[in-house]
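As structure tokens, the structure follows; a few thoughts come after it.
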Amino acid sequence: MTTTTHLSSTDRWLPLPLAAWQDTYATLHLWTQIIGKIRLALAPKMNHWWHSTLYVTPRGLTTGTMPDGSRSFEIAFDFLQHQLLIETSDGIVRTIALAPCSVAAFYRAVMSTLKDMGIEVRIWTMPQEIADPIPFEQDEQHAAYDAESAQRFWQILMQADRLLTDFRARYAGKCSPVHFFWGSFDLAVTRFSGRRAPEHPGGVPHMADWVTREAYSYEVSSCGFWFGGGSIEASFYAYAYPAPGGFKDYPIQPPAAFYSPDMQEFMLPYEAVRQADDPEAMVMAFLQSTYEAAANLAHWDRASLDYQPVVKG
């Protein structure tokens, strides 16, 4: 007989305050940048940098399939076995342990393993969207890896990915995948109105203006989950570009959500979600109401763009 285990909401939504894992966070952020830059270098170029992202899996994060000449390969973080798994379409498999080691050591291990597998790739080794970056091959400073924290990071990502994917399914217009941006270390999904946006002014800290302008070349309503930084704890977030008049004052749900002038986006603290009687309903209310703030104020064609998934009658 098969036994099904049902997790409570508190089991699914695990605590992960910044102070408890900040060193592992910093190291893992840089490790994901190394793998993400490999995908950026090899994957066919797509609009809005969609070819550079990672994806949540039942075991961790993956690049998905990448080309290597006539064959293909994949790199995946496995946070159950705590290993980096590299597999090619011609049957070659290599693993690298995820354990405390410097960014420089991890970079050397990844690049030498790829070379041994016959995969040639060169990446720009300067980290992105990080203050005071150190080239990967020189970074002996960041070397922490707490396995439990890494696993919690992935388990939280799975819950966020599940809800963002459900939200994505309710839109018929152009929409990004639910994907993990290794630069900003967040999970995001973006809806598009179909209209061009005014040129982005740039000025995003630690990001080249030409990168930002491609990302925001069309009008968007974007939402996601961020693990926090500085004095800000983990949160769901939502923003629009360009932000229509009245956006920051639009009434949104739930009451725990607020507009952050510093971040220029709506935020819903993860801890409020964790403590809620119905975390899923709280998050979905936030995603839907912040989308309506962008779409209603900017007069999107919601009759054509919004979608109700087909249910068998």
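The values are calculated or read from the model by the stated rules, or taken from the named source; none is laboratory data. Note that the structure is predicted; figures quoted are calculated from it, not measured. All Cβ positions, even for glycine, are placed from backbone atoms using ideal geometry, and neighbour counts span all protein chains on display.
General remarks:
- For segment 121-160, a residue qualifies if it is exposed (fewer than 13 other Cβ atoms within 10 Å of the Cβ) and in contact (Cβ under 8 Å) with a residue 40 or more places away in the chain, and the qualifying residues are ARG122, TRP124, ALA131.
- Residue within segment 273-287 that is under 13 Å from ARG191 (Cα atoms), part of a helix (DSSP H, G or I) and at pLDDT 95 or above present: yes
- Here TRP226 qualifies as within 21 Å of the chain's Cα centre (by Cα) and within 15 Å of LEU164 (Cα to Cα).
- Of all the criteria given as (1) of a type outside the set (Lys, Arg); (2) within 20 Å of the chain's Cα centre (by Cα); (3) on the phi < 0 side of the Ramachandran plot, the one not satisfied by TRP124 is (2).
Matching residues to (1) assigned to a helix (DSSP H, G or I); (2) among the aromatic types (Phe, Trp, Tyr); (3) in contact with a helix residue (DSSP H, G or I) (Cβ under 9 Å, 6 or more places away or on another chain); (4) not assigned by TED's automatic domain parsing to the domain that holds SER52:
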site	(1), (2), (3), (4)
THR113	yes, no, no, no
GLY118	no, no, no, no
ARG122	no, no, yes, no
MET126	no, no, yes, no
ASP132	no, no, no, no
PHE153	yes, yes, yes, yes
LEU157	yes, no, no, yes
ALA160	yes, no, yes, yes
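- The number of residues in segment 251-275 being crowded, with 17+ Cβ neighbours inside 10 Å and out of contact with any strand residue (DSSP E or B) (no Cβ under 8 Å at 6 or more places or on another chain) comes to 3.
- Elements of type strands (runs of 3 or more DSSP E) in segment 165-250, at least 3 residues being aromatic (Phe, Trp, Tyr): 218-226, 235-241
- When GLY118 is tested against (1) more than 25 Å from the chain's Cα centre (by Cα); (2) surrounded by fewer than 13 Cβ atoms within 10 Å (Cβ to Cβ), exactly one condition is not met: (2).
- Given (1) surrounded by fewer than 17 Cβ atoms within 10 Å (Cβ to Cβ); (2) assigned by TED's automatic domain parsing to the domain that holds LEU164; (3) over 23 Å from the mean Cα position of the chain (by Cα); (4) of a type in the set (A, V, I, L, M, F, W, C), number of the condition ILE232 does not satisfy: (3)
- Residue within segment 18-38 that is over 20 Å from MET111 (Cα atoms), assigned to a loop (DSSP other than H, G, I, E, B) and not assigned by TED's automatic domain parsing to the domain that holds CYS175 present: no
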